[in-house]
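Peer 1: Before anything else, here's the structure in question.
The values are calculated or read from the model by the stated rules, or taken from the named source; none is laboratory data. This is a predicted model, so every value here is computed, not measured. Cβ placement follows ideal geometry from the backbone for every residue including glycine, while neighbour counts extend to all protein chains displayed.
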Amino acid sequence: MFGFGPATRIYVATGATDMRKSFNGLYGLVRDTLGCDPESGHVFLFANARKNRLKLLVYDGSGLWICAKKLDGGCFRWPGKDTTAEKIVLSHEELALLLGGIDLNQTRRRKWYRKPLADEPCKLRIPA
């Protein structure tokens with residue numbers, strides 16, 4: 001697997017996504033539903049309604065990557081069940097826990113210094 005730099009944000013779409021969507025479909029979801037720039041280099045995660053499949057979309061500067069995972073059994077404990085937000089932001093550590101099968105709702109974040117995130121980190125770029 002490839003790594004992400006510390007400036008890379010990880011956005012999770014909280015609702016169910018049609019896993020038949022590919023590059024253009026997920027690109028449109030990021031742009032229209034999440035309100036982010038798909039070519040920002042940030043990571044976008046999507047899951048189906050049963051939460052046993054996920055897709056990750058990221059732009060690496062030369063093109064889009066889609067990584068997919070289908071669980072043989074069980075389901076991901078998708079964050080954001082009790083929120084009405086379209087997207088939530090995960091840390092790199094939380095992404096590793098999520099992909100490793102840990103329920104993020106049952107974990108607790110300890111007091112730790114982190115630089116505050118900008119209010120609107122994924123604004124769309126408007127071409128000049």
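Peer 1: Touching a residue at least 24 places away in the same chain (Cβ under 8 Å), closer than 12 Å to Val12 by Cα and touching a helix residue (DSSP H, G or I) at 6+ places or on another chain (Cβ under 6 Å) - does that describe any residue in the range 64-78?
Peer 2: no
Peer 1: While we're here: Looking at Pro38, Pro6, which is the one that is touching a helix residue (DSSP H, G or I) at 6+ places or on another chain (Cβ under 7 Å) and of a type outside the set (D, E, K, R)? Steps first, answer last, please.
Peer 2: On the way: Pro6 fails: touching a helix residue (DSSP H, G or I) at 6+ places or on another chain (Cβ under 7 Å).
Exactly one residue qualifies, and that residue is Pro38.
Peer 1: Quick one: which residue in Arg20, Arg108, Arg77, Arg50 is in contact with a Cys (Cβ under 7 Å, 6 or more places away or on another chain), part of a loop (DSSP other than H, G, I, E, B), charged (D, E, K, R) and surrounded by fewer than 18 Cβ atoms within 10 Å (Cβ to Cβ)?
Peer 2: Values: Arg20 fails: in contact with a Cys (Cβ under 7 Å, 6 or more places away or on another chain); Arg108 fails: in contact with a Cys (Cβ under 7 Å, 6 or more places away or on another chain); Arg77 fails: in contact with a Cys (Cβ under 7 Å, 6 or more places away or on another chain).
Testing whether each residue is in contact with a Cys (Cβ under 7 Å, 6 or more places away or on another chain), part of a loop (DSSP other than H, G, I, E, B), charged (D, E, K, R) and surrounded by fewer than 18 Cβ atoms within 10 Å (Cβ to Cβ) leaves just Arg50.
Peer 1: Mind listing just one residue for me: the one in the range 34-47 that is over 8 Å from the mean Cα position of the chain (by Cα) and closer than 14 Å to Phe4 by Cα and, of those, surrounded by the most Cβ atoms within 10 Å (Cβ to Cβ)?
Peer 2: Narrowing the range 34-47 to residues over 8 Å from the mean Cα position of the chain (by Cα): 34-42, 47.
Next, only the ones that are closer than 14 Å to Phe4 by Cα stay: 40-42.
On the way: Ser40: 19, Gly41: 15, His42: 21.
If we take residues in the range 34-47 being over 8 Å from the mean Cα position of the chain (by Cα) and closer than 14 Å to Phe4 by Cα, then His42 is surrounded by the most Cβ atoms within 10 Å (Cβ to Cβ).
Rundown of residues vs (1) over 16 Å from Leu98 (Cβ atoms); (2) modelled with pLDDT under 95; (3) touching a His at 6+ places or on another chain (Cβ under 6 Å); (4) not in a strand (DSSP E or B), yes/no style:
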site	(1), (2), (3), (4)
Met1	no, yes, no, yes
Gly5	yes, yes, no, yes
Tyr27	yes, no, no, yes
Phe44	no, no, no, no
Leu57	no, no, no, no
Ile66	yes, no, no, no
Asp72	yes, yes, no, yes
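Peer 1: Between a first residue in the range 103-128 that is modelled with pLDDT of 70 or more and a second residue that is not in a loop (DSSP other than H, G, I, E, B), which pairs have beta carbons less than 8 Å apart while being 6 or more apart in sequence or on different chains?
Peer 2: Between residues of the range 103-128 that are modelled with pLDDT of 70 or more and residues that are not in a loop (DSSP other than H, G, I, E, B), the close pairs are Leu104/Leu90; Leu104/Glu94; Leu104/Leu97; Leu104/Leu98; Thr107/Leu97.
Peer 1: Here is a list: Thr84, Thr14. Which entry is among the β-branched types (Val, Ile, Thr) and at pLDDT below 85? Explain how you work it out, then say what you get.
Peer 2: Values: Thr14 fails: at pLDDT below 85.
The match here is Thr84.
Peer 1: Next question, about the same structure. Which condition number does Arg50 fail, the rest of (1) out of contact with any strand residue (DSSP E or B) (no Cβ under 8 Å at 6 or more places or on another chain); (2) within 15 Å of Ile88 (Cα to Cα) being met?
Peer 2: (2)
Peer 1: Tally time: how many residues in the range 73-113 are of a type in the set (Phe, Trp, Tyr) and under 17 Å from Lys55 (Cα atoms)?
Peer 2: Matching residues across the range 73-113 total 2.
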